[in-house]
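Trainee: Can you keep this structure in mind? I'll have questions shortly.
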Amino acid sequence: MIRTIAALFVLLVLSEEAPAQSEPRLKELVAVSSEVVRIGDLVERAGTAAGIAVFRAPDLGHTGSVPVARVAEALRQHGIDHIDADGLNEVVVTRLSRLITGDEIKGRIARAFANQFGFGDASNLAVILDREIRMLHVETTAVGELAITRMNVEPRNGRFEVAFELPGSVAARRLPLRFTGTVTELVQTATLARSVKAGEVIKASDVVIGRKPKLEVGAEAFADTEQAIGLAARSTLRVGQSLRPSDLTKAQVVQRNEAVTIVYAVPGVALTVRGKAAEGGALGDTINVVNIQSNRTIQGTIIGPGRVSIAAAIPQVASPETPDEAASSTQ
């Protein structure tokens with residue numbers, strides 16, 4: 001008898017709690033993908049009313065809030081009189097979106113021009129748009145790539161016009177997906193890390209590798225720092241300047257009017273005399289020097305700092321003719 005009464009008590013308690021467990025419960029944070037907010041988005045355990053639209057969703061990528069009292073009023077119109085609000089004052093609703101950034105648009109333009117119209121790889125193309133791109137929001141279901149509907153470019157200066165569409169997106173049809181700007185191919189170039197004066201020798205710390213527009217740099221610019229190290233500036237060069245062969249020359253190791261040592265060499269004998277350089281030059285250059293002792297100007301080859309070599313001419317001795325050669329020469 002006691003067990004029967006206990007069982008009935010448990011059933012009574014469970015039957016009283018059952019309505020509470022099935023009572024609709026309001027959500028605090030809601031995320032939707034469609035243009036409308038449905039009862040099922042706002043309320044847990046909404047039952048058959050879950051698919052009914054009650055509010056317009058925020059714009060794509062935006063967030064809004066709805067007071068709980070307004071939600072309750074909308075639910076009552078569809079037969080839901082009691083909800084568990086759990087002390088909430090408002091429900092926050094966010095409309096999900098796919099975000100299209102300016103970088104994504106620039107990358108798509110670079111890929112469109114890559115290896116066309118004289119341009120190289122997309123990774124070497126820099127795209128500058130005429131107007132700043134704010135973030136563009138489209139439906140989360142529009143997962144495809146931006147498709148080009150129109151593309152024009154002037155290869156000489158890189159000016160372009162591009163128009164896009166996004167397949168499967170209604171929102172994209174209302175967006176300004178036409179862009180103008182400039183596309184430029186960048187190349188690797190040896191660039192000065194500091195300004196140098198005319199005649200100054202380029203050291204390893206003076207040059208760095210940078211990337212600059214191909215039209216600005218030109219095809220003859222040095223692409224590697226090693227090509228410039230050890231050469232001297234023909235004129236003053238500014239910091240940030242790309243280095244070209246025409247900007248540099250071999251470093252002079254002998255200066256004009258500099259005192260030099262003239263080395264006169266013949267096999268087995270080397271003589272040195274004092275001299276003065278009549279002109280400057282780099283290692284291996286042939287220059288005029290003045291022999292101080294004889295005051296004669298002679299030509300020599302620079303073999304090091306302050307040293308010029310004068311090679312002696314080796315006299316050519318005629319070989320004797322054979323009798324047959326002599327006879328033939330008289331005929």
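The values are calculated or read from the model by the stated rules, or taken from the named source; none is laboratory data. Please read all numbers here as calculations on a predicted model, not as lab measurements. Every residue, glycine as well, gets a Cβ built from its backbone with ideal geometry; the counts of neighbours run over all protein chains shown.
Trainee: Restricting attention to segment 25-52, which residues are surrounded by fewer than 17 Cβ atoms within 10 Å (Cβ to Cβ), under 48 Å from the mean Cα position of the chain (by Cα) and either part of a strand (DSSP E or B) or not assigned by TED's automatic domain parsing to the domain that holds residue 75 (or both)?
Mentor: Selection gives 29, 31, 36.
Trainee: Where residues in segment 232-255 are within 12 Å of residue 202 (Cα to Cα), touching a residue at least 24 places away in the same chain (Cβ under 8 Å) and charged (D, E, K, R), which of them is surrounded by the most Cβ atoms within 10 Å (Cβ to Cβ)?
Mentor: Checked segment 232-255; the qualifying residue surrounded by the most Cβ atoms within 10 Å (Cβ to Cβ) is 250.
Trainee: Can you tell me how many residues within segment 190-244 are assigned to a strand (DSSP E or B), over 19 Å from residue 282 (Cα atoms) and of a type in the set (Gly, Ala, Ser)?
Mentor: 3
Trainee: Looking only at residues that are surrounded by 19 or more Cβ atoms within 10 Å (Cβ to Cβ) and in contact with a Pro (Cβ under 8 Å, 6 or more places away or on another chain) in segment 92-118, which one is nearest to residue 165 (Cα to Cα)?
Mentor: It comes out as 95.
Residues are listed down the side, and each one gets a yes or a no for (1) assigned by TED's automatic domain parsing to the domain that holds residue 213; (2) modelled with pLDDT of 90 or more; (3) β-branched (Val, Ile, Thr):
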{"site": "242", "(1), (2), (3)": "yes, yes, no"}
{"site": "257", "(1), (2), (3)": "no, yes, no"}
{"site": "260", "(1), (2), (3)": "no, yes, yes"}
{"site": "265", "(1), (2), (3)": "no, no, no"}
{"site": "268", "(1), (2), (3)": "no, no, no"}
{"site": "296", "(1), (2), (3)": "no, yes, no"}
{"site": "301", "(1), (2), (3)": "no, yes, yes"}
{"site": "316", "(1), (2), (3)": "no, no, no"}
{"site": "330", "(1), (2), (3)": "no, no, yes"}
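Trainee: Collect the residues in segment 266-296 that are outside any strand (DSSP E or B) and either among the polar types (S, T, N, Q) or in contact with a Pro (Cβ under 6 Å, 6 or more places away or on another chain) (or both), keeping them in residue-number order.
Mentor: 293, 294, 295
Trainee: With the condition being outside the structural domain of residue 212 (by TED's automatic domain parsing) and within 21 Å of the chain's Cα centre (by Cα), I'd like the strands (runs of 3 or more DSSP E) fully within segment 123-173 carrying at least 2 qualifying residues.
Mentor: Of the strands (runs of 3 or more DSSP E) lying wholly inside segment 123-173, those with at least 2 residues that are outside the structural domain of residue 212 (by TED's automatic domain parsing) and within 21 Å of the chain's Cα centre (by Cα) span 125-129, 159-165.
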